[in-house]
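Read through the structure below, which is laid out as structure tokens, and then see the notes.
The values are calculated or read from the model by the stated rules, or taken from the named source; none is laboratory data. Keep in mind that what you see is a predicted model, and the values were worked out from it rather than measured. Neighbour counts run over all protein chains shown; Cβ positions are idealised from the backbone, glycine included. When the accessible area is computed, the model is the full protein with side chains, heavy atoms only, and any ligands, DNA or RNA have been set aside. Shrake-Rupley method; radii C 1.70, N 1.55, O 1.52, S 1.80 Å.
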Amino acid sequence: MTKPRILVARAIFPDIVDRLRQHFEVEANPEDVIWSPAELAARLADKDGAFTTGSQRIDADLLTAAPRLKIVANMAVGYNNFDVDAMTAAGVQGTNTPDVLTETTADFGFALLMATARRMTESEHYLRAGQWTKWSYDMFAGSDIHGSTLGIIGMGRIGQGIAKRGAHGFGMKVVYHNRSRLAANLEAECKATYVSKEELLATADHVMLVVPYSAASHHTIGAAELAQMKPSATLINIARGGIVDDAALAVALRERRIAAAGLDVFEGEPSVHPDLLTVPNVVLTPHIASATVPTRRAMADLAADNLIAFFEGRGALTPVNTPAPEAARAR
Ligand code: 8YV
């Protein structure tokens, strides 16, 4: 029996590619070339499955150019690179990697919050530049984490992980806003109170964004929302580029309309809005919230396991859509 053909669109752990080779005919990308949409489509023309990261767009044009494609396994919990409706209509299964990155990403959200509120990178740059010649009472004085109010927008698994860290570890008052309110037992576990977005913005000392990207969440934080925040507040985005209007944020930071921001994701990344690179009161990291070795391995393993389970007829392990059986492409 011939093995299904799959494309591994980005460089991943070599031993996981080897594991995939036991089940599939694999075209891999060990040099980690960033293919254009046309190059990706050409490579997928004869493939049955694809292993992707968040940087490959899967849309109707690509699905037309890849008539044998039956499953796309994303190595990410977010899947805004998928046109899910187009995939479902074409009978193509999509999968993501939930759960395995929750705690690691929540740890990072907290690390970015701490670094931002306590001005850690700004002060490190100062020290490295040889500017530290004396102590002074207000040198890099920031804002407190313990006992402050943490406002979380997007209360999925990662948001809940951050809430627990804040409430239980740092005695923070946690308020949250989400499309739907959590069940009472989850609110109790997180010690979190549901509030409107307006109340959250007006009362939080630290605003943490963990909401998935969609047309509805585009620019959840823009100039109007920044104006509603406390001038002493910090803003943390570990969700997706485009959730924040980065140009408006750069203005608010420069004019000190909010105190500071911590950003792991950017509109148009890996490009970063040039004004964010010149304001001092922002901590910038290159989309690394899930980047620990065990977690990145678990994500890659889960994406591989989705492909294997699907082609063994066991069904995808963590599907993001349910193509109708009659629409599904023949295996
Ligand atoms: C990924 C992420 O590293 O899981 C997500 O949604 O944003 C990150 O963990 C990134 O998307 C690359 O696939």
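Structural remarks
- If you take the Cα centroid of the range 193-221 and the Cα centroid of the range 232-286, the two points sit 15 Å apart.
- Cross-link check: pairs Lys191/Lys230; Lys70/Lys197; Lys70/Lys164 evaluated at a Cα-Cα cut-off of 30 Å; pairs beyond the cut-off: Lys70/Lys197; Lys70/Lys164.
- DSSP beta bridge pairing in the chain, given as percent antiparallel to the nearest 5: 5
- Separation of the range 149-172 and the range 46-122, taken as the distance between their Cα centroids, equals 23 angstrom.
- These residues, His177, His206, go from largest to smallest accessible area, 1.4 Å probe, as His177, His206.
- Counting only protein heavy atoms and using a 1.4 Å probe, the accessible area of Asp15 comes to about 80 Å².
- FRET efficiency for Arg68 and Lys134, using Cβ-Cβ distance with R0 set to 56 Å, rounded to 0.05: 0.25
- Backbone N under 20 Å from the Leu284 label point (7 Å along Cα→Cβ), restricted to the range 221-250: 221-223, 234-250
- Size of electric dipole in the range 284-331: Cβ of Lys, Arg +1 and of Asp, Glu -1, about Cα centre, debye, nearest 20: 80
- Amide H contacts of Asn74: Thr52, Thr95, Asn96, each under 5 Å away and 5 or more positions distant or on a separate chain (H built 1.01 Å from N in the peptide plane; Pro and chain starts excluded).
- Given the chain, longest segment not containing exposed loop GluC sites (Glu not before Pro) (DSSP; at most 15 other Cβ within 10 Å): 32-254
- Reach of Lys173 by Cα under 16 Å, taken over aspartates and glutamates that are not fewer than 8 positions away in the same chain: Asp144, Glu187, Glu189, Glu199, Asp205
- Label-to-label distance for Arg297 and Arg254 is 4.6 nm, based on points extended 7 Å past Cα in the beta-carbon direction.
- Look at the dipole of the chain built from charges on Cβ: of Ala192, Pro280, Pro37, the Cα furthest out on the positive end belongs to Ala192.
- Relative contact order computed over the chain (Cα-Cα under 8 Å; 6+ residues apart), in percent: 19
- Computed on the range 81-179, with alpha-carbon pairs under 8 angstrom and 6+ residues apart, the relative contact order is 27 percent.
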